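No lab work stands behind these numbers, since they all come straight from the coordinates. A quick note: this is a predicted structure, and the numbers were derived from the prediction, not measured. As a convention, Cβ positions derive from the backbone with ideal geometry for all residues, glycine included, and neighbour counts pool all protein chains shown.
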Amino acid sequence: MISRRDFSRLLALGSGSMLLPQQLSAWPSQLAATPKQPDERFWMSVREQFLMPPDLSVMNAANLCPSPAPVLEVMYRATKDMDGDPSFDNRQKMSTGKEEARRLLAGFLRVTPEEIVIARNTSEANNIVSSGLDLKAGDDVVIFADNHPSNNAAWLQKSKRFGYAVSVISQPNPHPGADYFVEAAARAITPRTKVLAFTHQTSTAGDVLPAGELCRLARERGVLSLVDGASALGFFDVDLSEMQPDFYTASSHKWTCGPKEVGLLYVNARAQSSIHPSIISAYPGAVGISRTMEAIGQRDEPAIIGFGEALTFQTKIGRKVIEERSRALGQALIAGLRRIDGVHLWTHPDPARSGAVVTFRPGNLDIPKLSAALYRNDRIGCATRTGSDRPGIRLSPHIYNTMAEVDRAVAAITKYMKQGV
Ligand SMILES: Cc1ncc(COP(=O)(O)O)c(C=O)c1O
């Protein structure tokens with residue numbers, strides 16, 4: 001068996017002998033140490049760790065984040081090693097790397113590796129839960145209206161097959177305060193309720209839910225809690241030992257800036273006997289729940305190893321610092337958008353109720369046209385929401401964005417609100 005040390009040596013950065021693609025080798029190799037008071041200069045140096053050209057400003061972390069240089073470099077090295085010798089003998093070290101990523105993930109979340117399933121994304125992790133619990137007619141699942149379809153659509157669809165009922169708690173806009181969510185959940189939970197499923201920070205209006213309190217309520221009522229952390233992990237300094245959910249899900253490629261198609265399913269030790277695997281195949285994880293829930297066939301281990309590197313990158317910057325920075329960008333956007341005549345914010349401006357997912361209706365402007373103009377003319381990438389339910393534009397800035405980019409986005413939106421698109 002190859003030790004962790006051997007594995008780290010193999011993937012160690014900066015050996016200089018690797019044939020890296022042109023752009024990778026041109027990058028600054030070191031992430032600057034985080035100063036006590038990180039300023040724009042520091043954040044510019046963080047931004048330089050990303051491939052995006054300086055004139056491009058993508059604020060879409062709630063959907064997909066880019067990976068910084070060290071993550072791409074580690075993935076490239078591991079992929080090159082694997083493809084250079086795909087024998088079982090050589091690939092043994094990949095399993096070591098996967099377990100190292102699990103250990104890093106567990107440390108990041110302050111739980112044990114035995115509670116970690118490395119899934120492929122939040123969608124899969126949410127569905128492992130909704131497919132894996134023993135639910136039947138007479139049971140009830142309580143969900144919140146703004147949960148992602150991989151949560152709500154999945155529960156509703158599967159309820160038709162398994163016969164359980166689903167109760168939906170509405171999410172009024174603007175965010176009505178933390179108490180609303182706890183009181184509404186307390187009312188919705190009955191003796192028939194088996195699961196409470198909610199989203200830590202929503203992708204719709206960027207509402208932040210009181211995750212710890214909702215998990216406590218579920219625990220007190222003997223109900224399993226599923227927390228969708230797709231837009232929370234890598235933004236908040238998520239501490240699952242404090243929150244104590246039964247299940248927590250996330251994607252590497254969102255706020256943690258890791259590789260695509262790697263994700264997290266946390267299963268609390270106390271909930272492990274309540275869930276069954278839906279996919280049964282070869283190559284399970286080595287410890288705890290991963291032995292039964294992660295046997296899903298051949299994986300892209302270089303990407304999983306890259307996820308571990310993404311967590312290391314965030315830890316180096318500092319997780320509290322990251323949250324403060326993303327929040328500051330979100331707050332600056334909110335302040336700028338509030339000054340524009342005709343813009344209606346769906347996101348609550350109170351930092352106790354929102355984070356860095358900012359959505360708004362740009363008056364009567366055509367939303368897809370505005371989004372296209374922002375990208376084409378101003379090099380600003382955003383997400384759109386069409387339809388009648390809180391339509392608009394979503395901007396979700398993260399550590400690779402700067403205050404100057406926020407100003408540029410506000411100025412561009414001001415211009416289109418005045419002159420049309
Ligand atoms: C809250 C939430 N949950 C789940 C998902 C699904 O994530 P993924 O596409 O990585 O599976 C998203 C994606 O935007 C999301 O915002």
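For the range 185-253, which fully contained strands (runs of 3 or more DSSP E) count at least 3 residues that are in contact (Cβ under 8 Å) with a residue 24 or more places away in the chain, closer than 24 Å to residue 174 by Cα and within 13 Å of the ligand (Cβ to nearest atom)? Qualifying strands (runs of 3 or more DSSP E): 193-199, 224-228.
Please state which one of 196, 226, 264 is crowded, with 24+ Cβ neighbours inside 10 Å, within 12 Å of the chain's Cα centre (by Cα) and aliphatic (A, V, I, L, M).
Working: 196 fails: within 12 Å of the chain's Cα centre (by Cα); 226 fails: within 12 Å of the chain's Cα centre (by Cα).
After ruling out the rest, the residue left standing is 264.
Here residue 170 clears all of (1) among the polar types (S, T, N, Q); (2) under 27 Å from residue 349 (Cα atoms); (3) within 16 Å of the ligand (Cβ to nearest atom) except the condition numbered (3). Taking each residue of the range 315-327 that is within 14 Å of residue 255 (Cα to Cα) and looking for partners that are part of a helix (DSSP H, G or I) with beta-carbon atoms closer than 7 Å, six or more apart or interchain, yields 317/46; 322/314; 325/43. All of 308, 258 fail the test of being in a helix (DSSP H, G or I) and closer than 30 Å to residue 402 by Cβ, apart from 308. For the range 105-142, what are the residues that are more than 19 Å from residue 266 (Cβ to Cβ) and within 15 Å of the ligand (Cβ to nearest atom)? Of everything in the range 105-142, nothing turns out to be more than 19 Å from residue 266 (Cβ to Cβ) and within 15 Å of the ligand (Cβ to nearest atom).
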